[in-house]
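Each remark here refers to the structure printed beneath this line.
Laboratory data are not the source of any read-out in this text; all were calculated from the coordinates shown. Nothing here was measured: the structure is a model prediction, and the numbers come from that model. FYI the Cβ positions are ideal-geometry reconstructions off the backbone, even for glycines, and counts take in every protein chain you see.
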Amino acid sequence: MTRTPILHPAPELLLDYAAGSLREVQALLVASHLAYCPDCRRQVADFEAFGGVLLEEVPAEPVSVGLLDAVMARLSEAPAPPPTPEPAHPIRSLLPGPLRRAVGAEPEALEWVRIVPGIHVSAWALSVGTASACLLRMGPGSRVPAHKHTDCEMLLVLKGGYSDEHGRYAVGDVAAYEPHTPHHAVGDRDGECLCLLVQDQPLVFTGPLGWLLNRGIRF
Amino acid sequence: MLHQADPGDPSSPSREQLLIAVARDRDQEAFRALFRHFAPRIKGYARQLGADDSAAEELVQDVMLTVWQRAETFNPALASAATWVFAIARNRRIDRARQERRPELRADDIAPFDDVPQPDHEVETARAASRLRTVIGELPPEQAEVLRLAYYEDKVHSEISAERGIPLGTVKTRLRLALVRLRRAIGGEA
Ligand SMILES: [Zn+2]
């Protein structure tokens, strides 16, 4: 793949990520997208530079008289920084670094829960507050059942690609769905599609399978 | 001597040089100078974000110790000293206040994808920072406000919208207009 993503997280998500206000689950998707996307890396660096300017301009608050000495006294106790564990050979992982560290395993080593034939979600999930993330796997040509949702949903493509009524998504692309917009994802026919799925509320499935899918599977 | 950073004195070391002295020589006097400059600002940052006095000073200690430990990861080609310290303060605050982890991209994360054609853009830091300061001063107040809220109230844009009674679309529009100006200022883009 020598393609840079063409569908990016919304600019305000990049800003929130750089500012530090974005919550962990959404930040996981943004950080993972950055692994694929030089454009967004540059934007985040720009927003961090803005944070640096703000830090210079924030009203300074005098610190306690003894604080400098307290810190100086701790310098010697401060452990030498652990050398960043740089792998001798770049890890050939399917997952971008931030996601690989969050999941702690490669997709094939995970447990998967079948939603409908061809569509699986990982048993691995990250839930913080009302937001959650998991992996979504679409078999070749498989169709994610129609569902509507009450909050934002985002997908980051990690492998393969899929399409819906809004467009086509390939590796590194981010699809964002506003609340209450039903959409119908279909995996590409020529191979499996793997995505990071982030949502802020449990989905409510519509259609004939809805009652079943809403039982116990927080998808 | 690398001891006092006096911005009025052109012979005094820049904060970037002070950081490099800490990294290379474990220079405690350079560290003291950095502390005198940044500690009150980190405390101000924490206070803006709602920390009480003692929590703010704990964050100052935490950040400054991290500066000491990680000084060798500072790369003046990529960021100014203030930007680098801001990123540490932001991350340490998230760890402490929210007890969340911050998913971070590491330099070696890009390697597996390095068949990506464009090289990373390196910001010419000092010039960009001064252009940024100018642009921030010139932003319409409503645009400057949404930017500051993201950095200083720990609010994502949807929360800003809900709490201020400003429609989400308006918040996004203001942010995007501000971002266009910032990007122009930093990148010198047309
Ligand atoms: Zn991008």
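Results, tabulated for the structure shown:
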| read-out | value |
| --- | --- |
| Length gained when the stretch A:Ile6-A:Arg74 is fully extended (0.36 nm per residue, less Cα-Cα span) | 19.7 nm |
| Residues B:Glu104 and B:Arg24, FRET efficiency given R0 of 30 Å [Cβ-Cβ distance, rounded to 0.05] | 0.75 |
| Kirkwood Rh and Cα Rg combined as Rg over Rh, evaluated for segment A:1-52 | 0.96 |
| Cα-based shape type of segment B:1-110, given that a ≥ b ≥ c are square roots of the gyration tensor eigenvalues and the cut on a/c is 1.5 | oblate |
| Relative contact order [Cα under 8 Å, 6+ residues apart], segment A:87-139, whole percent | 23 |
| Overall form of segment B:127-190 per C-alpha gyration tensor (a/c, 1.5; a/b vs b/c) | prolate |
| Cα gyration tensor shape for segment B:34-94, rounded if a/c is under 1.5, else prolate or oblate | prolate |
| Estimated FRET transfer efficiency when R0 is 41 angstrom, pair A:Glu57-B:Glu72 (beta carbons, to 0.05) | 0.90 |
| FRET E, pair B:Asp52, A:Glu108, Förster distance 51 Å, beta-carbon r, rounded to 0.05 | 0.60 |
